[in-house]
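The values are calculated or read from the model by the stated rules, or taken from the named source; none is laboratory data. All of these numbers come straight from a predicted model, not from anything done at the bench. Please note: Cβ atoms are built from the backbone with ideal geometry, for glycine as well, and neighbour counts cover all protein chains shown.
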2 protein chains.
Amino acid sequence: MNRAATNSEQTDAQQEKMLKIGEVSKQSGVGIEALRFYERSGLLGRTARTESGYRIYDPEVLERLEFIKRAQVLGFSLDEIKQVINEKRAGHSPCAAVREIVRRRLQELDERMREMNRYRDDLAAALAKWDEAGEVEGHICGLIEATEIDHRIARNKLTGKRKAGK
Amino acid sequence: MNRAATNSEQTDAQQEKMLKIGEVSKQSGVGIEALRFYERSGLLGRTARTESGYRIYDPEVLERLEFIKRAQVLGFSLDEIKQVINEKRAGHSPCAAVREIVRRRLQELDERMREMNRYRDDLAAALAKWDEAGEVEGHICGLIEATEIDHRIARNKLTGKRKAGK
DNA sequence: CTTGACTCTGTACCCGACTACAGAGTTTAT
DNA sequence: ATAAACTCTGTAGTCGGGTACAGAGTCAAG
């Protein structure tokens, strides 16, 4: 809770050490354009402004950004993160929603990894086979021609498509 | 090799049973717009045309399309597939190129799957923890706040980014 | 008081692999 | 002969998560 009120207190904003966008960017590693993009997207709420229109951030935003990054790494889309944040701001605990999303992610992930494993093995097998057999003329390449996986793997599952359900 | 010359022989094209784009689409499952897109992208070469400008395909194109689909499932981008095909058409065997690409894919895939495994475990652990502990107030959600994975997983590796090297 | 660093808005662009549409011409079936 | 079905080109839009300007205004140091 104590957010390091180091030195040079109250410049002209209220009194807490407010941050301008560049500082937030540096400290969070998020990138100015991305910060504005997040705001436009409703992930940061309406940011406070100086009289001249500069965004000023409460240092709390750094936690919020950490949250966002963490959620992204966990596989949440920005849209889902927004849902979660809005749930929270609407007063109810977002945990039910979060849990739902995580459950879904987990299932998808398991499925995807199962496919990837098969895919990996096919790839490795093809490569090994090719390594020992040398070239096969007449076809484009034995490597690809020789693999038969298409009937086992649902297309477009490996390429990372995920259409944001709900 | 025998491509079922069923009935209604030589309409007005050369003599082989040429296909119009709709038939190719139906037989390959590829979609008319995608076929034109592939052609624009250089994956199918310049397609033959009737006098009136309709594309006419040799049934061989179905094999080519199977090749493309297979390569896609294997994780090749259309750009890489194009490289391979062009190598082939330039006279040299594309196998060296293909092998390089496959090697790269395989490495990336292994790396990605290692990350995914950690990710999956974190997710599952967070969910289990949440299930037993109930809600944690004061923070947005214990589920996400409680996970510490960001320092272990390189961001953007899980989201499926792959910038087409070379 | 001027220079340079910072910030603002708004718009457009990037990637990849397509899909959608408009408006025109062609072929096929009745 | 005419309508339905097909095909053509060219342009624009989709999705997600941003990035990259341009042109204008603001702030801090010398």
I need a count of the residues in the range B:2-19 that are modelled with pLDDT of 95 or more and loosely packed, with under 15 Cβ neighbours inside 10 Å.
0
Would you mention how many residues in the range A:40-57 are touching a residue at least 12 places away in the same chain (Cβ under 8 Å) and either in contact with a Ser or Thr (Cβ under 9 Å, 6 or more places away or on another chain) or at positive phi (or both)?
5
Being outside any loop (DSSP other than H, G, I, E, B) and surrounded by 13 or more Cβ atoms within 10 Å (Cβ to Cβ) is the filter; apply it to the range A:39-48 and report the residue that is farthest from DNA strand D (Cβ to nearest atom).
A:A48
So which residues in the range B:21-30 are buried (at least 16 other Cβ atoms within 10 Å of the Cβ) and within 11 Å of DNA strand D (Cβ to nearest atom), if there are any at all?
B:I21, B:V24, B:S25
Identify, by number, the condition in (1) surrounded by 15 or more Cβ atoms within 10 Å (Cβ to Cβ); (2) within 27 Å of B:D122 (Cα to Cα); (3) more than 12 Å from DNA strand D (Cβ to nearest atom) that A:D58 doesn't meet.
(2)
Considering each of B:E63, B:E33, B:E51 in turn, give the residue that is among the charged types (D, E, K, R), surrounded by fewer than 16 Cβ atoms within 10 Å (Cβ to Cβ) and modelled with pLDDT under 95.
B:E63
Mind listing whichever residues of the range A:49-74 are within 12 Å of chain B (Cβ to nearest Cβ) and in a helix (DSSP H, G or I)?
A:E60, A:E63, A:R64, A:L65, A:E66, A:F67, A:I68, A:K69, A:R70, A:A71, A:Q72, A:V73
Residue by residue through the range A:87-97, note down the ones that are out of contact with any Phe, Trp or Tyr (no Cβ under 8 Å at 6 or more places or on another chain), within 11 Å of another protein chain (Cβ to nearest Cβ) and of a type outside the set (K, R).
A:E87, A:H92, A:S93, A:P94, A:A96, A:A97
Condition check for A:E111: at pLDDT below 75 and within 27 Å of B:R70 (Cβ to Cβ)
no
Could you tell me whether any residue of the range B:72-81 is within 14 Å of DNA strand C (Cβ to nearest atom), small (G, A, S) and either surrounded by fewer than 19 Cβ atoms within 10 Å (Cβ to Cβ) or within 30 Å of A:V102 (Cα to Cα) (or both)?
yes
